[in-house]
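The numbers here are math on the coordinates, done by the rules we state, and not lab data. Quick caveat, the model's predicted, so the values are computed rather than measured. Cβ sites come from the backbone with ideal geometry, for glycine too, and all protein chains shown count toward neighbours.
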Amino acid sequence: MERTKSIKKLSKHPWDILVIGGGATGLGCAVDSASRGFKTLLLEQVDFSKGTSSRSTKLVHGGVRYLQQGDVSLVFEALKERGLMFKNAPHLVTNQSFVIPTYDWWGGPFYTVGLKVYDLMAGKLGLGPSKHLSREEAIEALPTVEQEGLKGGVIYQDGQFDDARMAITLAQTAVDYGATVMNYCKVTGLLKEDELITGVVVVDQETGEEIRIKSKVVINATGVFADEVVQMDEPGKPEMITTSQGIHLILNKDFLPNKYAIMVPQTSDGRVLFAVPWHNHVVVGTTDTLLESRSLEPVALDSEVEFVLKTAGQYLVKQPERKDVLSVFAGLRPLARPEGEKKATREISRGHKIMISISGLITIIGGKWTTYRKMAEDTIDKAIMLGGLSERECITQHLPVHGYRMDIDAYNDPMTHYGLDKEKVLAIADEEKRWKGWLSEKLQIQKSQVAWAVRYEWARTVEDVLARRTRALFLDARESLRIAPEVAALMSRELDMNRRWVKQQIEKYNAIAKNYYFED
């Protein structure tokens, strides 16, 4: 990825569609636009999926909870999109069995009926039927579940994925279709002629250079920061985003040793809680806390941590404690602010909204990872109309993403998410000695993955590699700190950086990582 050359090309010609934001929504828009044949540019202020899109519960799901809330149209849409993600990205999305343990005599029949409706709504894209479990079957599936008072359970199927890896793969897919995608390029202003938007002003975050870029259409897909871009267009406009924080804790696999996940359908705050096997660990979450401030590095509140530990402990034989937490991470949900009556954040629809301002700025807000493709399709349809672009059909319903591969073993092979690129990543180890062997055997990360991340996945910092190209920071924060100096050294050779850069990178990474674990 020759960044300097790419930067120079940005202002050379006008683009058809310019997308601001490199999360799930923005990357989906770039894939949709490029695959229709439009000249497409995507700009991300930091790194792809740095914000919300790398901090999810790692589920590709229709949303059992939304069915309970009566948001039937969203469930239909999400179940269809779940099925398409399975078909288009089999190396990234896998089938996950969830068990709802029941402790009431009526719980089993109640959830069995509800999940049968869920199955029916999925139609031909369903992943398998849900069914009632006896007490013995529930214990066999979940040997560490709290057995006192257990009546049985209900099992159903949903999807699981690695969110940040999906994001990088979408960036690669967009490039495969001719798009240009750039991280560390912050949009600081909008260009206008006769009150209509004609492009953006960008600052390269690595050099400080300011660049003016023309485009027929500009799309604001910046998630929780969407209001900041809107303010550039319409200063003083009321905010459209309600920000909700959700946290997750990573525990050792011993807390959930089998392949089955737990879904708690009703927590004390009216949400659901998941405990899901992920990369040989267990991810437990989440919360729904209204926040007034927005940050690229949100921090889990003590009250949220205690809530998740306490709730998980009610369903597990062994009560998890703070000392058991290998990593804790927080994410912000960009919810479309409801009009009229006030609602708790957990009650706000996860559906998406698309707005077009008088000057022509398209803003997409709300939504969820599972529906990223449909959000992008709806947005690009609007962009074609607004920009007077030639009518071209969306093809992403049946578009295999970069690295598409069927013959994978997601449970035993930690490199399945590379798809067809896996052999190329491993081949780097044969180039020279420094790329051979484990970076972290504990987390199953190879040194060659660092080189691949820099060369082909736009990794510019140690954090890019340890947080998102590999998931070390999110899986075991202390282990990620241990290997950070070696990552910095390996990257410096690849990026032609000096010792000062290495020192700065280690310091910056340490400052970020301290919020991902608890001090002893």
Requested in this report: Work through the residues other than A164 whose Cβ is under 11 Å from its Cβ and net out their charges, Lys, Arg +1 and Asp, Glu -1.
Outcome: +2
Query raised in the report: Can you sort M166, M385 by how many other beta carbons sit within 10 Å, fewest first?
Result: M385, M166
Report summary line: Counting sequence-distant residues (5 or more places) and residues on other chains, those with an amide H built under 5 Å from that of L190 are V201
Query raised in the report: Regarding the chain, what is the average projected area of its C-alpha convex hull, in nm²?
Result: 23.6 nm²
Query raised in the report: Taking other Cβ within 10 Å of each residue's Cβ, how do Y411, Y456, Y509 sort, fewest first?
Result: Y411, Y456, Y509
Requested in this report: Could you tell me what fraction of 2.2 N^0.38 Å the Cα radius of gyration of region 184-283 comes to, as a two-decimal ratio?
Outcome: 1.71
Report summary line: Final fewest-first order of L125, L41, L389 on the 10 Å Cβ neighbour count is L125, L389, L41
Query raised in the report: Viscosity 1.306 mPa s, temperature 10 °C: Stokes-Einstein D of region 416-516 from its Kirkwood Cα radius, in µm² per second?
Result: 118 µm²/s
Report summary line: Rounded to the nearest 500, the 222 nm mean residue ellipticity computed for the chain from DSSP H runs (n ≥ 4, each -39500 (n - 2.57)) alone is -10000 deg cm²/dmol
Report summary line: Quick calc: nm separation of the 7 Å Cα→Cβ label points for E431 and E140 -> 5.0 nm
Query - Relative packing of peptides 355-363, 116-124, 215-223, 478-486 - highest average C-beta neighbours within 10 Å first - result: 215-223, 478-486, 355-363, 116-124
Report summary line: Between E494 and L125, Cβ-based FRET efficiency (R0 45 Å, step 0.05) works out to 0.60
Query raised in the report: What pairs from K374/K514; K58/K442; K50/K422; K58/K214 go past 31 Å between their alpha carbons?
Result: K374/K514; K58/K214
Requested in this report: Please report, in whole Å, how far the alpha carbons of region 48-196 spread along each principal axis, starting with the longest.
Outcome: 67, 31, 29
Report summary line: Cβ-Cβ cut-off under 13 Å around G403, Lys and Arg +1, Asp and Glu -1: the net charge is -2
Query raised in the report: What full-extension length gain, to one decimal in nm, is calculated for E209 and K8 as 0.36 nm per residue of separation minus the Cα-Cα distance?
Result: 71.3 nm
Report summary line: Lys and Arg at +1, Asp and Glu at -1: neighbours of K151 with Cβ under 14 Å from its Cβ sum to -4
